[in-house]
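Written out below as structure tokens is the structure these notes cover.
The values are calculated or read from the model by the stated rules, or taken from the named source; none is laboratory data. In this text, all values refer to a predicted model and were calculated from it rather than measured experimentally. Cβ sites come from the backbone with ideal geometry, for glycine too, and all protein chains shown count toward neighbours.
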Amino acid sequence: MNEPEAPVSPARPERKATLRIGQHGLNVILVIVIMCIAVPLLFLGYRVALNFKAKRDITIAESNLHGLFQALYQYSLDWDGKLPPADAWTDDAAGFLPSASGIAGGKESYLKGPGDGETIRYEYNDLAAGFDMLEDRNRKVEPGDLVLLIEHPGADKNSHIPIPRQGNAQAESALYKLLAFPHYADDPDNATTVILFANGRVSVRTRKDFRQ
């Protein structure tokens with residue numbers, strides 16, 4: 001007699017492959033996720049801090065230049081309305097600087113300020129030497145067109161250069177080439193500088209302003 005056939009077990013369903021990640025793998029993924037979130041936040045915080053510093057530095061520059069204008073103007077009143085010679089402008093203005101009690105450096109603090117790199121000092125316009133602040137008629141140069149001081153990182157005491165009188169595109173282009181733009185220096189379009197004119201106007205300008 002033939003022996004009965006053994007019952008055939010039904011085929012087991014094929015098990016699908018699954019991705020198994022160990023604890024080390026999970027830790028790596030977690031670190032990557034954290035980095036993806038943290039790096040942009042750190043960069044944003046860094047940019048916010050830079051912007052805050054630059055705004056503060058510009059405010060200091062504006063205050064310094066207002067103070068220096070008052071000192072130079074007061075000097076001119078003692079010298080028949082004439083501004084000081086270029087090679088001694090810092091020395092001549094120093095005695096007329098306003099009080100800066102409570103500020104590190106006292107009156108000397110008006111002669112320098114912070115920037116994105118080196119300490120910012122100021123350069124005097126050679127063409128401002130001897131300029132008559134009191135003359136009302138027959139002016140060859142209007143005070144509003146005469147640059148008095150510009151910012152310059154690392155400039156020396158009594159530093160001075162010739163800066164053409166403003167009023168036309170050519171003169172503005174020449175001024176642009178002399179400027180350092182020491183604030184927001186890592187942002188080419190918005191890099192900023194502060195300029196003092198002989199009428200007392202303090203102008204905050206960016207590279208983008210000159211290109212427009």
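The sole residue among LEU30, LEU50, LEU26, LEU44 that is modelled with pLDDT under 75, out of contact with any strand residue (DSSP E or B) (no Cβ under 8 Å at 6 or more places or on another chain) and crowded, with 16+ Cβ neighbours inside 10 Å is LEU50.
Within the stretch 144-157, the presence of a residue that is out of contact with any Lys or Arg (no Cβ under 9 Å at 6 or more places or on another chain) and either modelled with pLDDT under 95 or in a loop (DSSP other than H, G, I, E, B) (or both) is excluded. Scanning the stretch 77-89 for residues that are out of contact with any Ser or Thr (no Cβ under 6 Å at 6 or more places or on another chain) and crowded, with 21+ Cβ neighbours inside 10 Å yields PRO84, TRP89. Among the numbered conditions (1) closer than 19 Å to GLY200 by Cα; (2) assigned to a loop (DSSP other than H, G, I, E, B); (3) within 20 Å of the chain's Cα centre (by Cα); (4) not aromatic (Phe, Trp, Tyr), the only one that GLU135 does not meet is (3).
Give the number of residues within the stretch 165-199 that are at negative phi, outside any helix (DSSP H, G or I) and either out of contact with any strand residue (DSSP E or B) (no Cβ under 8 Å at 6 or more places or on another chain) or aromatic (Phe, Trp, Tyr) (or both).
Residues of the stretch 165-199 at negative phi: 165-166, 168-180, 182-183, 185-199.
Now restrict to residues that are outside any helix (DSSP H, G or I): 165-166, 168, 179-180, 182-183, 185-199.
Filter once more, so that each one left must be either out of contact with any strand residue (DSSP E or B) (no Cβ under 8 Å at 6 or more places or on another chain) or aromatic (Phe, Trp, Tyr) (or both): 168, 185-188, 197, 199.
Final tally of qualifying residues: 7.
Per the listing ALA155, ALA198, ALA185, the residue uniquely among the hydrophobic types (A, V, I, L, M, F, W, C) and without any contact (Cβ under 8 Å) to a residue 60 or more places away in the chain is ALA155. PRO84 meets the conditions (1) at pLDDT 95 or above; (2) in a helix (DSSP H, G or I) in every case but one. The failed one is (2).
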